[in-house]
Amino acid sequence: MKKYIFKRVLISLATLFVILLVLFILMDLMPGTPFNDEKLTQAQKDLLFAKYGLDKPLLTRFFLYCKNMLKGDLGVSYAINKNFAVSSMVKDRLGISIAVGAMAMTLGTVLGLVLGILAALNHNSWIDNLCSAISVLGVSIPSYVCALLLCYFIAYKLNWLPILYNVEQPFISLILPAVALSVSPTANIARFTRSEMIDVMNSDYILLVESKGVRNWKMIISHVLRNTLIPVITVMGPILVNLLTGSSVIEKIFGIPGIGRLMITAIQENDYNVTIACAFVYCVMYIVVMLFVDILYGVIDPRIRIAKEDD
Amino acid sequence: MKKLVALLLVLLLLFGLTSCGKKEDTPSGGGEGGGEVVEDAIIFQNENVRKAIGYAIDRVSLAKSLNDGSVAAEGIIPFKLASNPDTGVDFRDDQGAIVAYDAAKAQEYYEKACEELGKKKLTINLLYGTNEGDSVIKAAEQIAYYLEEAGFEVNLVSKQKKERLQLMDNGEYDVALTRWGPDYGDPQTYMDLYISYNTSNNAGRYNSSKYDKLVEDAEATTNPSERWDLFKQAEKVLVEEDFGIIPVFQAGGAMIIRPTISGIQFHSAAVDNYRHIVGKDDVTLITNTDIVYLDYQYATDGTSFIAETLFTSGLTELDADGNWQLDLAESYEMNDDGTEYTFKIRDDADWVDVNGNVVAPVTAQDFVDAWDRIQSEELASDYSWWITDVLLLKDYTAVDEKTLKVTLEKPNGIFMSCLAFPSAFPINKAFIDEKGDQYATTADTILSCGPYILDSWTPGYSYELVRNGKYWFDSDYTAAGTAKKVVFRVLEDTQTALMEYEAGNIDTVILSGEQVTANKDVEGFVNRLQGYLFYLSININHYE
Amino acid sequence: METKSVKRNKSDRVLYIRDLNISFKTAYGTVRAIRGVRLDLFKGETIAIVGESGSGKSVTVKTIMGILDSNGVIDSGQIIYRYKDENGEEQEVDLVQMSQKDIRYKFCGKHIAMVFQDPMTSLDPTMTVGKQIMEPMREHYHISRAEAKKRAMELIKEVGIDNPDKRFKQYPHELSGGMRQRVVIAIALACDPDILICDEPTTALDVTIQAKILELIKDLQVKKGISVIYITHDLGVVAKVADYVAVMYAGRIVEKGKINEVFYDPRHPYTWGLLSSMPDIDTDSRRLFAIPGSPPNLMEKIEGDAFAPRNPFALKIDYREEPPMYDVGGQHRVASWLCDPRAPEVEVPEELQVRIEKMKKEATIYE
């Protein structure tokens, strides 16, 4: 297992290096420059290019960037918060996005599993239909609409929670965004859990467990859930990455200074360093979470675990 | 290995998605690759093509349909930019409308142009920005409609702003919906743009020696009335005779301001002044963009400038009517021909840190340092030309600690009011040198010499300003009941902003789209006129 | 063919089914899956229920196990089960009167155990073999882990798996198909059941392993005196293991009797068909008999004998009225109008006669 993880980490690092290079090339291909501004003359633009070293060839810039990156320096922002260290920009905003995302994920997982399990246990009953209806709604309602509805009823009409994100009460004011953000993962996890669990419950091995006379609750805990969760965990990985890296829509509505919005703005503004940093963070999170999911997968699924030990 | 490839694909997809807004192009879009454009662009040398475009657009209906307080343009000079030095009449009223909507004429010119060019159909690729506000998208679609009514075939080419500007810089466009925000209250801020040798702004390479001469003469003369007349003539040549550019609309901005507060001064040709808000001690305002840069010598955007004029002061400031008043200057003397000014800086003008402690007095040398710094290549400031081209400074020296003497190239009617702009504000060089790279990155790496102190700045979230007790005018502020704390909350979404406003948590809301109509009768509704003038830039000669 | 004689004394009955009717409610209508089944199981006896898929054989045993699908309804009938309780006292219950849950919690795994068709899918892939074997013991006897483990080790050895220490800790996917079926058998035997139900226990295995598994079940049965019910469509298996056989068609038992009675003197045309279609090494596969047509749709009401449309010997009455169960001597019972004294004489098809003769001859040779 250790050897396996070590190998995976090495591959991940190599992947990240390649990704960084690709990002650099993509960035270079992006139309426009950070300094396209109606107020800027060509002479000023040239000055700015020279000032930020953008007049150097791509590879030189790339290796310089890599070198600085190892020192924790991700360059400065050219357009969003001029001359700001990108590392601190990303750090601050990522923190908030991770906080919202983690809340949403926790909520989505708990609710999704509960709904999915309830539906599967009461297969073909009204509970199942209700849970299915909730999932369909959850998947089909855009998060924008959902967020506005929550804002209007919970925060504005009932005044239970603040409408906007507030630095002084981060937890309370992040509840609504987290709820809005969790709607779609809840629905996805619920749907997936339900169908997986129904499959498991119809499987031969559950029939065998039934034929052993094992009590239902024991059977569900020690056989059904374990077998259901293995595939569910694989879909949760990408959902988690998606949530942790911030939703630009939710951030916009609730006024959250998160990384999702930052990335969109950075792309629009051609803010090279910020875009690269955001995309890179995205990739790092993706790789880390997927690595984690893989390891977790091995822990709960003996078939994978054995294969890895043989590796 | 498989995973690696998959990951790369995901990444590419990600980029494909995020940049598809940029790449989105009409089927025959002429934005990409100059070739096609170059061939087609020749038609814009034909005056009748440009006339057809000029007459085709029903600006009044268009502005009305934008529903955000925008008004139809009557020329390239916007309303409320400058007034006649003799009569005080607004330039626009003085000149009158020099554009017109006439569908029949538009068609007539179109047919004439077709005949002259020997073509059955003329095609226009209309370039516009997708992230420049809803009104731009709406306007572009309507312009396309009007042009089609006149007979043109129109392809809408939508790009992100940065790319639109890049294409215009490269001359890779036919007709583009673009804008110009005035830097100061004088027609020159617009007239300079279309001089044949201004390669930075005259994207379509409008080239008229007559126009060049009129503008040059206007800028050379020391007689304000003559200058005024020359600019009027120049505008007529550009817009009415040559159809060198096609003015469309002047931007508005609808918002709600809590009726209990007042004193926000909107200026269409200068930075809005938020220094005199009264009616509430603790005011929270909504801004849809964040401060870009705290260093006022480096900033270029309105949001930054508004904040910066709160915590920094210049020699003068603009009042509600747009007239200048002395600020950090206690008094000034001017020589007879208006080329030499001597300012006496207030004894009680001080630099104050984030905690409200006095760091140093504001000296004449601080202005000298500031004007040197903003022009330095090292800073590469976008506004370096403010000193030379707007203020027309030839020389400036600190006579003693509190006496500043400046010499102008020639008399300058807008000199005193342009000193109220952040690019003319003083700096504390010692502080900047001490902070180095960290200068102006946080609230505690910037000094204040204005009525407020920047208390905190959380990028992307909010910035808060508290009254500067050491500011020379502070006791008067207190007497007037000026807000003790002004908080700007960054919020892009207008729906939640409106709820937050109605819940009483914020004091202003910027409205958009349907909200404008829905809230027209709400108490505190304001439909302000902004300085931005949107016009069609026509690529007349740039392909050459 | 085994001709072991089990005395079918009423007092030795462990299970008897009377007039069992079961139907399934589906979205398309009601399926009458079991129609008046009557069957006896005696102590130490092996009976085989034979039939095509959909004939109701699996439904019958699932009902006994209390694992009938949730849309299944027992319309009428009795399933009387006799067992010795913890105190060694004889008890008799009607399973039909009990809830499925009660049947499962009280009897399944403990008194009645089951071996499933496909060993590849019938073990939980996420649990070690040892734990799965221990599970029923822990459930029913509440014994300590150590004790259960000791017993599980014995069982593993008993079902013919070497190296029990290693196997105990392994997961199902680390074992071969035959090995897994041995584990399933070990699980079934964990609580010393009275009845072992084997649902097509060898179909998913290859031929050599098939024989070994059947041998194993037989040995254990003799050793422990268990009654076994085989569910199969394979008459070859039946011939090898069963004492008594019941042929089911469309939810009804159409012929039943001692193995020799049914195999050497089949009376029902459906049984003829089944016997004729039984593959054997000598028969030319091209001449293999297949019963024409397909089983009836049990959603529709069946007029007369359900087999009539596929029966080349069908009489007119077959289309009008269901045949009663005729006693044709010994334990042999047949539900066919052909057994009615008024029916015309019908000869067993020649091909089958040859076959039966051959089987008889083989049987004597083995003996």
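The values are calculated or read from the model by the stated rules, or taken from the named source; none is laboratory data. Nothing here was measured: the structure is a model prediction, and the numbers come from that model. Every residue, glycine among them, receives a Cβ derived from its backbone with ideal geometry; neighbour counts consider all protein chains shown. We work out accessible area using only protein heavy atoms, side chains counted, and drop any ligands, DNA or RNA first. Shrake-Rupley method; radii C 1.70, N 1.55, O 1.52, S 1.80 Å.
Tabulated data
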| item | result |
| --- | --- |
| Segment residue C:362-residue C:173, length gained on full extension (0.36 nm per residue, minus Cα span) | 64.0 nm |
| Pairwise FRET efficiency - residue C:147 versus residue C:76, Cβ, R0 = 41 Å, nearest 0.05 | 0.40 |
| Of C:240/C:358; A:56/B:159; C:110/C:149; A:82/B:161; C:258/C:361, pairs whose Cα-Cα distance is over 21 Å | A:56/B:159 |
| Alpha-carbon centroid distance for the pair the stretch A:251-273 / the stretch B:259-318, whole angstrom | 23 |
| Listed residue pairs exceeding 23 Å between alpha carbons, taken from A:212/C:25; B:51/B:121; C:150/C:223; A:157/B:64; A:218/C:43 | A:212/C:25; A:157/B:64; A:218/C:43 |
| Threshold 30 Å² - residues in the stretch B:295-338 whose accessible area is reduced by that much or more when the chain is no longer isolated, probe 1.4 Å | B:298, B:300 |
| Karplus-derived HN-Hα couplings along the stretch B:335-350 (A = 6.51, B = -1.76, C = 1.60, θ = phi - 60°), whole Hz, x at Gly and Pro | 6, 5, 8, x, 10, 9, 10, 10, 9, 10, 7, 4, 5, 9, 8, 10 |
| Average accessible area per residue (Å²) across the stretch A:199-311 - probe 1.4 Å, nucleic acids and ligands excluded | 34 |
| Tilt relative to chain B, helix B:364-375 - C-alpha long axis, 0 to 90 degrees, to 10 | 20 |
| Inter-site label distance for residue B:116 and residue A:46 at 7 Å from Cα along Cβ, in nm | 3.7 |
| Per residue accessible area of the stretch C:249-364, 1.4 Å probe, in Å² | 54 |
| Orientation-averaged projected area, Cα convex hull of the stretch C:249-364 (nm²) | 7.8 |
| Helix-only mean residue ellipticity at 222 nm for chain A, each DSSP H run of n ≥ 4 adding -39500 (n - 2.57), per residue, nearest 500 | -24500 deg cm²/dmol |
| Accessible area of the protein assembly as shown belonging to carbon and sulfur atoms, whole % at 1.4 Å probe | 54 |
| Distance (nanometres) between label positions extended 7 Å along Cα→Cβ at residue C:343 and residue B:216 | 12.3 |
| Charge dipole of the protein assembly as shown about the Cα centre (unit charges at C-beta), most positive-ward option of C:334, C:105, A:44 | C:334 |
| Computed accessible area, residue C:233, all protein chains, 1.4 angstrom probe, square angstrom | 100 |
| Dipole axis of chain B (+1 Lys, Arg; -1 Asp, Glu on Cβ), positive-most option in B:100, B:305, B:513 | B:513 |
| Residue B:272 - accessible surface, heavy atoms, 1.4 Å probe, Å² rounded to 10 | 20 |
| Helix axis angle, B:2-18 relative to chain B longest principal axis, alpha carbon, degrees | 90 |
| Formal net charge of residues neighbouring residue A:36 (Cβ-Cβ distance under 9 Å; K, R +1; D, E -1) | 0 |
| Using alpha-carbon coordinates, inclination of helix B:224-235 to the longest axis of chain B, degrees | 30 |
| Total charge dipole magnitude, the stretch C:10-242, about the Cα centre, Cβ charges on Lys, Arg, Asp, Glu only, Debye to nearest 20 | 240 |
| Cα-derived Rg over Rh, computed across chain B with Rh taken as Kirkwood radius | 0.99 |
| Residue-normalised accessible area of chain B, given per residue in Å² at a 1.4 Å probe | 38 |
| Total accessible area lost when A and C pair, probe 1.4 Å, Å² to nearest 100 | 2400 |
| Cα-based shape type of the protein assembly as shown, given that a ≥ b ≥ c are square roots of the gyration tensor eigenvalues and the cut on a/c is 1.5 | prolate |
| The stretch B:261-506, relative contact order [Cα under 8 Å, separation at least 6], % | 27 |
| Protein-only accessible surface order, largest first, of B:228, A:217, A:126 at 1.4 Å | A:126, A:217, B:228 |
| Part-to-part distance (alpha-carbon centres) for the stretch B:177-207 and the stretch A:153-167, which is given in Å | 47 |
| Most mobile of C:318, C:192, C:69 in a GNM of chain C (Cα contacts under 10 Å) | C:69 |
| Between A and B, accessible area buried - total, square angstrom, nearest 100, 1.4 angstrom probe | 5300 |
| Per-residue HN-Hα couplings for the stretch C:194-203 [Karplus 6.51, -1.76, 1.60; θ = phi - 60°; Hz; x = Gly/Pro] | 8, 10, 10, 9, 10, 8, 6, x, 10, 4 |
| Cα-centre dipole for the stretch C:249-364 with unit charges at Cβ (Lys and Arg positive, Asp and Glu negative), debye to 20 | 160 |
| Charge dipole of the stretch B:383-488 about the Cα centre (unit charges at C-beta), most positive-ward option of B:416, B:468, B:430 | B:416 |
| Members of the stretch A:187-208 that become less accessible by 50 Å² or more once partner protein chains are added (1.4 angstrom probe, chain alone as reference) | A:204, A:205, A:207, A:208 |
| In nm, spacing of pseudo-spin labels at residue B:170 and residue A:129 (7 Å Cα→C-beta vector) | 6.0 |
| Backbone N under 14 Å from the residue B:372 label point (7 Å along Cα→Cβ), restricted to the stretch B:429-451 | B:429-433 |
| Electrostatic dipole magnitude of the stretch A:191-284 [Cβ: Lys, Arg +1; Asp, Glu -1; Cα centre; debye, to 20] | 420 |
| Residue among C:48, C:308, C:246 with the largest mean-square fluctuation in a Gaussian network model of chain C, springs linking Cα atoms under 10 Å | C:308 |
| CD proxy at 222 nm, helix term only [per DSSP H run n ≥ 4: -39500 (n - 2.57); per residue of chain B; nearest 500] | -9000 deg cm²/dmol |
| Helical segments meeting 15 Å axial Cα length and Kyte-Doolittle -1.0 threshold in chain A (DSSP H) | A:2-29, A:58-70, A:86-121, A:126-140, A:170-201, A:226-244, A:272-300 |
| Amide proton proximity set for residue B:351, modelled H, under 5 Å, gap of 5+ | B:359, B:360, B:362 |
| Those residues of the stretch C:45-70 for which accessible area with every protein chain present is at least 40 Å² below the isolated value (1.4 Å probe) | C:67 |
| Most to least accessible of C:22, C:317 (protein chains only, probe 1.4 Å) | C:317, C:22 |
| All-pairs Cα distance distribution in chain C, expressed in whole percent, bin size 10 Å | 5, 23, 32, 25, 12, 3, 0 |
| Inter-centroid distance (Cα atoms) of the stretch C:46-63 relative to the stretch B:373-406, Å | 101 |
